[in-house]
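J.: Quick one: the structure is below, questions incoming.
The values are calculated or read from the model by the stated rules, or taken from the named source; none is laboratory data. What you see is a predicted model, and the numbers here were worked out from it, not measured in a lab. Quick reminder, even Gly has a Cβ in these numbers, built from the backbone with ideal geometry, and neighbours come from all protein chains shown. Side chains are part of the model used for accessible areas, which takes the heavy atoms of the whole protein and leaves out ligands, DNA and RNA. Shrake-Rupley method; radii C 1.70, N 1.55, O 1.52, S 1.80 Å.
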Amino acid sequence: MNKPIKRSWAEPYKIKMVELIKMTSPAERRKALQEAGYNTFLLKSADVYIDLLTDSGTSAMSDRQWAGMMLGDEAYAGSRNFYHLEEVVKDVYGYKYLIPTHQGRGAENILSKILIKKGDIIPGNMYFTTTRLHQELAGGKFEDVIIDEAHDSESEYPFKGNIDLEKLDKLVKKHGAEKIPYVSMATSVNMAGGQPISMQNLKDLRKYTKKHGIRVIHDMTRVAENAYFIQQREKGYADKTIKEIVKEICSYTDGATMSAKKDALVNIGGFLAVNDWDVFEEARNMVVVYEGLHTYGGLAGRDMEAMAIGIGESVGDDHIKARVGQVIYLGEKMIEYGVPIVKPIGGHGIFVDAKQFLPHIPQDMYPAQTLAAEIYQDSGVRTMERGIVSAGRKANGDNYCPKLELVRFTIPRRVYTQAHMDVIAESTARVFERREKIKGMKMIYEPKYLRFFQARFEKIK
Ligand code: PLI
């Protein structure tokens with residue numbers, strides 16, 4: 001059972017400062033869960049031992065990033081940190097024009113408002129919660145064109161983030177290219193389990209969209225992790241650096257929204273980056289309405305400096321190997337314990353298949369939400385639901401019922417150790433052993449937007 005997993009690498013950093021965390025008792029956790037309505041988003045961080053809620057804004061910054069914070073130029077207009085960030089975005093990603101935003105959804109809001117008209121169709125490789133909501137609020141309709149394998153947690157297909165060009169072509173034929181403002185293409189598809197898109201698929205997508213005059217907008221939140229899988233799995237890329245691969249990915253797209261809180265190793269920040277001057281001009285005007293002046297977009301100068309340095313670190317080969325390596329380490333431990341997880345193991349976390357883990361709980365009794373609560377109860381490890389609660393409701397009020405009903409164990413970058421990974425796997429294995437005794441839940445409060453953040457639940461007796 002507990003045979004050690006072979007490994008020939010270690011983290012390319014050493015620890016200079018630590019943050020103390022504390023273990024709670026089972027009784028304290030029971031109370032905390034009740035107060036939080038069995039929603040891990042509503043737990044207080046002080047009650048959490050190992051926090052795998054998200055990899056968003058939870059990474060550890062480097063000494064260089066912290067030093068960069070001291071170089072913050074807090075001028076309202078024309079901060080030197082903005083120009084540094086602009087230069088880095090051009091150098092690393094290749095996009096011509098930059099609009100900083102407070103985080104990813106700020107960029108999604110602006111982009112959706114500019115490009116989407118009422119009645120438009122936005123095809124994409126699986127939805128993401130905030131991305132789809134902004135597309136809908138702008139009057140558009142999201143259509144999933146990811147390959148079928150992405151919806152099957154057991155499929156070992158190496159590029160489950162790929163776009164099915166036949167599905168895309170059907171949409172173009174049905175609605176006409178003029179109804180499709182862009183294809184929403186994410187690297188490291190979050191809701192599929194952090195699954196990559198291949199370079200070949202991107203090239204094919206570029207060719208197809210060019211022919212039809214359709215833009216490709218890149219959700220580049222986790223582009224470096226995607227690049228790692230291309231380097232490891234795709235023919236012709238083994239000898240290329242992560243930086244080279246990242247730049248090539250971006251070169252097949254027309255613009256991007258970025259939540260820098262993930263790949264780019266900062267606690268806050270994001271941006272919209274485009275190659276088209278007209279879109280840039282409109283975005284530069286709109287950002288002053290929703291975020292702040294176009295040279296800070298809701299961020300402090302020091303935040304932009306930390307982001308500029310973080311982007312550089314995020315495309316380091318040693319960094320990404322250790323980052324994804326840690327995720328794979330945890331996933332392999334889970335597999336050893338017989339825990340059903342999404343395969344292949346993705347870039348930013350382990351996604352446990354709650355339908356297989358708790359087959360006796362129907363989807364409308366929230367197996368993934370239930371499992372996240374049970375894991376917290378067992379060990380104070382906080383995970384999150386990525387299933388029917390996250391999927392929300394359609395415009396007509398019906399629930400979206402995703403095939404994937406998952407609990408996400410998201411690994412913050414450069415934060416936890418291998419021993420933490422062992423504790424997480426052991427706790428999950430303990431819950432797995434008593435899975436048959438676990439009962440589902442009912443939702444007792446449902447907010448209108450992005451319900452997974454604030455919904456409340458009760459245990460079914
Ligand atoms: O949380 P934001 O607003 O900085 O970014 C929104 C966002 C956009 N795209 C993708 C793929 C995301 O993963 C994303 C945010 N993800 C969160 C918060 C997460 O926990 O996965």
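J.: Select from region 70-113 the residues that are surrounded by fewer than 17 Cβ atoms within 10 Å (Cβ to Cβ) and either part of a helix (DSSP H, G or I) or within 16 Å of the ligand (Cβ to nearest atom) (or both) and list them in ascending order.
T.: Answer for region 70-113, where residues must be surrounded by fewer than 17 Cβ atoms within 10 Å (Cβ to Cβ) and either part of a helix (DSSP H, G or I) or within 16 Å of the ligand (Cβ to nearest atom) (or both): Arg80, Tyr83, Glu87, Lys90, Asp91.
J.: Looking at the structure I just gave you, is Ala306 crowded, with 24+ Cβ neighbours inside 10 Å and part of a helix (DSSP H, G or I)? I'd like the intermediate steps shown before the answer.
T.: On the way: crowded, with 24+ Cβ neighbours inside 10 Å: yes; part of a helix (DSSP H, G or I): yes.
Against the criterion (crowded, with 24+ Cβ neighbours inside 10 Å and part of a helix (DSSP H, G or I)), Ala306 qualifies.
J.: Sticking with this one: I need a count of the residues in region 16-45 that are away from the ligand (no atom under 16 Å from the Cβ), touching a Lys or Arg at 6+ places or on another chain (Cβ under 8 Å) and in a helix (DSSP H, G or I).
T.: Going through region 16-45 one residue at a time, the tally reaches 1.
J.: Continuing with the same structure: I need the full set of residues from region 266-289 which are out of contact with any Leu (no Cβ under 9 Å at 6 or more places or on another chain) and within 13 Å of the ligand (Cβ to nearest atom), in order please.
T.: Correct list: Val266, Asn267.
J.: Identify the single condition in (1) under 17 Å from Glu149 (Cβ atoms); (2) modelled with pLDDT of 95 or more; (3) of a type in the set (A, V, I, L, M, F, W, C); (4) within 12 Å of the ligand (Cβ to nearest atom) that Ile217 does not satisfy, given that it satisfies every other one.
T.: Failed condition: (1).
J.: Note down all Cβ pairs under 6 Å where the first residue falls in region 96-122 and is small (Gly, Ala, Ser), the second is assigned to a loop (DSSP other than H, G, I, E, B) and open to solvent by 30 Å² or more (accessible area, probe 1.4 Å), and they're at least six residues apart or on different chains.
T.: Gly106/Glu291
J.: Let me ask something additional. Give the residue that is surrounded by the most Cβ atoms within 10 Å (Cβ to Cβ), with candidates limited to residues of region 347-378 that are in a loop (DSSP other than H, G, I, E, B) and in contact (Cβ under 8 Å) with a residue 12 or more places away in the chain. It would help to see each step written out before you state the result.
T.: We begin by selecting, within region 347-378, every residue in a loop (DSSP other than H, G, I, E, B); these are 347-348, 358-362, 366.
Restricting the remaining residues to those that are in contact (Cβ under 8 Å) with a residue 12 or more places away in the chain gives 347-348, 358, 360-362, 366.
On the way: Gly347: 29, His348: 26, Leu358: 26, His360: 11, Ile361: 23, Pro362: 11, Tyr366: 27.
Out of the qualifying residues, it is Gly347.
J.: Got at least one residue in region 379-397 being open to solvent by 20 Å² or more (accessible area, probe 1.4 Å) and in a helix (DSSP H, G or I)?
T.: Step one: of region 379-397, the residues open to solvent by 20 Å² or more (accessible area, probe 1.4 Å) are 393-397.
Add one more test, that the residue is in a helix (DSSP H, G or I), and what stays is none.
Checked region 379-397: no residue is open to solvent by 20 Å² or more (accessible area, probe 1.4 Å) and in a helix (DSSP H, G or I).
J.: If I filter region 221-233 for residues that are in a strand (DSSP E or B), in contact with a strand residue (DSSP E or B) (Cβ under 8 Å, 6 or more places away or on another chain) and closer than 28 Å to Gly139 by Cα, do I get at least one hit? Give the steps one after another, and end with the answer.
T.: Filtering region 221-233 down to residues in a strand (DSSP E or B) leaves none.
No, that holds for no residue.
J.: Can I ask one more? May I ask you to list the residues in region 411-423 that are surrounded by fewer than 24 Cβ atoms within 10 Å (Cβ to Cβ) and not basic (Lys, Arg)? Talk me through it step by step, then tell me what you get.
T.: Our first condition is that a residue be surrounded by fewer than 24 Cβ atoms within 10 Å (Cβ to Cβ); within region 411-423, this holds for 412, 414-423.
Within region 411-423, Pro412, Val415, Tyr416, Thr417, Gln418, Ala419, His420, Met421, Asp422, Val423 qualify.
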